[in-house]
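The block underneath contains the structure these notes are about, expressed in structure tokens.
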Amino acid sequence: MRRTTRQPPWEPGPIPLPGGLLDWRAGRHYDHWQMRPCALCEQPTPLRSHTGEPAHKVCAGNWVSEHPTEARLGRFASDIQPKRRRDDNHA
């Protein structure tokens, strides 16, 4: 029997500008076990938003472009990117 442990939603990063691309690199966006209908187009998808809502990345990006005011509330956002370490030591 497979034990299911639900991880809590994680903190979203920046909301892309209309026409911008979502950055969903984190593995937590992919559900390896279950396809669910996209909240926007109703086609099956293994992808999940930061809140766990099933959504294709393209559908979410289109929604952000079509609803720029509502998008600021953070329904779909990019991942927080780690700050780059700046190494100026070029040998």
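Tell me which residues, restricted to region 29-66, are free of Cβ contacts under 8 Å to residues at least 24 places away in the same chain and among the polar types (S, T, N, Q). Those that are free of Cβ contacts under 8 Å to residues at least 24 places away in the same chain and among the polar types (S, T, N, Q): Q34, Q43, T45, N62.
Taking the condition modelled with pLDDT under 90 and within 15 Å of P12 (Cα to Cα), does G74 pass? Before you say what the answer is, go through the steps one by one.
Numbers: modelled with pLDDT under 90: yes; within 15 Å of P12 (Cα to Cα): yes.
Criteria met by G74.
Any residue in region 35-42 that is loosely packed, with under 14 Cβ neighbours inside 10 Å, touching a strand residue (DSSP E or B) at 6+ places or on another chain (Cβ under 9 Å) and more than 19 Å from S78 (Cβ to Cβ)? Within region 35-42 (the criterion being loosely packed, with under 14 Cβ neighbours inside 10 Å, touching a strand residue (DSSP E or B) at 6+ places or on another chain (Cβ under 9 Å) and more than 19 Å from S78 (Cβ to Cβ)), the answer is yes, since at least one residue qualifies. Within region 13-28, if we keep just the residues that are over 22 Å from P68 (Cα atoms) and touching a residue at least 24 places away in the same chain (Cβ under 8 Å), the residue that is surrounded by the most Cβ atoms within 10 Å (Cβ to Cβ) turns out to be A26.
Looking at region 43-55 only, could you name the residues that are in contact with a strand residue (DSSP E or B) (Cβ under 8 Å, 6 or more places away or on another chain) and surrounded by 18 or more Cβ atoms within 10 Å (Cβ to Cβ)? Within region 43-55, T45, L47, R48, P54, A55 meet the criteria. Tell me, yes or no, whether region 17-32 has at least one residue that is modelled with pLDDT under 80 and either in contact with a Phe, Trp or Tyr (Cβ under 6 Å, 6 or more places away or on another chain) or on the phi > 0 side of the Ramachandran plot (or both). Within region 17-32 (the criterion being modelled with pLDDT under 80 and either in contact with a Phe, Trp or Tyr (Cβ under 6 Å, 6 or more places away or on another chain) or on the phi > 0 side of the Ramachandran plot (or both)), the answer is yes, since at least one residue qualifies.
The values are calculated or read from the model by the stated rules, or taken from the named source; none is laboratory data. Quick caveat, the model's predicted, so the values are computed rather than measured. Cβ coordinates were reconstructed from backbone atoms using ideal geometry, including for glycine residues, and neighbour counts include every protein chain displayed.
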